[in-house]
1. Under a crude label model (7 Å from the Cα following the beta-carbon direction), how far is Asp233 from Lys185 in nanometres?
2. Quick one: Cα centre-to-centre distance for segment 208-248 and segment 43-113, in angstrom?
3. Would you mind classifying segment 23-126 by shape? Square roots of the alpha carbon gyration tensor eigenvalues, ordered a ≥ b ≥ c; an a/c under 1.5 is rounded, otherwise it is prolate if a/b is larger than b/c and oblate if not.
4. Can you work out ³J(HN,Hα) from phi for every residue in segment 252-264, in order, using Karplus 6.51 cos²θ - 1.76 cosθ + 1.60 and θ = phi - 60°, giving whole Hz and x for Gly and Pro?
5. Pop out the Kirkwood hydrodynamic radius of the chain from its pairwise C-alpha distances, inverse of mean 1/r, in Å to one decimal.
6. Which lysines have a Cα lying under 30 Å from the Cα of Lys274, excluding residues fewer than 8 positions away in the same chain?
7. Any idea of the accessible area per residue across segment 114-252, 1.4 Å probe, to the nearest Å²?
8. So, with +1 on the Cβ of K and R and -1 on the Cβ of D and E, and no other charges, what is the size of the charge dipole of the chain about its Cα centre, to the nearest 20 debye?
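The values are calculated or read from the model by the stated rules, or taken from the named source; none is laboratory data. Predicted model, so just to flag it, every value in this text is computed and none were measured. In this analysis, Cβ positions are derived from the backbone assuming ideal geometry, glycine residues included, and neighbour counts consider all displayed protein chains. Only protein heavy atoms, including side chains, enter the accessible area calculation; ligands, DNA and RNA are left aside. Shrake-Rupley method; radii C 1.70, N 1.55, O 1.52, S 1.80 Å.
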Amino acid sequence: MRYVIMDLEWNNVYVKRLKGYINEIIEVGAVMLDESLTEINSFSCLVKSQLGRKLSARVEELTHLTNDELNSSGITFQNAMDQFSDWLQDPKDIIFMTWGNGDIRSLLDNYRFFMQTETIPFLHYYIDLQSYCQGVVASQTTNQVGLSAAAEKIGIDLSQFHNHRALDDSILAAECLRRTFDSEKIERYTDTCDDSFFRRLLFKTVLLTDLDDPKIDKALFRCRCDHCGKDMDLFSDWFSTKNGFRSVFVCHDCKIYKRCTIRFVELTGGMDIKISYRIAHELTEAENDKA
Ligand SMILES: [Zn+2]
């Protein structure tokens, strides 16, 4: 058995044809370990954007990659995957790992978009290293632990690693694996990548909790007064709750307050949006008292 720990960098791009966003892969990094977890090979390449979009400021800042660099040294996604498959040689004896399943979902999305396939051809066995390590770096919260936070908890000296470049992150994740290795547990966490594995991967139910998420339609963040029919003014700033985003609106003319909750759940093939309102009586009364 060999292990390949893979890390991808991607740029969130709106694609008209999909009427939605795709995480276009811009860098692939991976290390290959033998059975004794010794590094025997590494892979790194930049991927040129084919969707013609510039890197978001956030990605540029995070990865220190630039558009110029990607355009001059990047290759197409199809080429990158050809080279990567060659590098793997026979992938049937490889267990693949990524930190969290976000990278593998994005990879599958890129395969569907650029190669029109519903599977990742070289993937036979897979472990989500994040959930594998979760027990070891047990935290009180159910929040998923980031790679560097987990590495730090395991006792890895982070100063030797550059963060957020694909190869460096895969080397760091490989070190996490070495420090937590348990062959029985590896067996338990290994998924066989059959059709149902890929179907599960494609099925999304993600509650959006970041107000700056580009997938959120801000045009919905409004509220009409039931009494006079005019648009109400924002009374308190939007904030995230367990169930979505919440705010209070006011109609100054009618002295009516309304609490608005919007929930965005990203599903396979679309977005489920629920908006609910509640007249905020307690606020109305408080306002009346003041008057
Ligand atoms: Zn009104």
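1. Here the modelled spin labels are 5.6 nm apart.
2. 36 Å
3. prolate
4. Calculated HN-Hα couplings, in order: 5, 5, 9, 6, 10, 10, 9, 9, 10, 10, 10, 10, 10 Hz.
5. On the way: mean 1/r = 0.0461 Å⁻¹.
With all distinct Cα pairs of the chain included, I get 21.7 Å.
6. Candidates past the 8-residue exclusion: Lys16, Lys19, Lys204, Lys215, Lys218, Lys230, Lys242, Lys255, Lys258.
7. About 58 Å² of surface per residue is accessible.
8. 1380 debye
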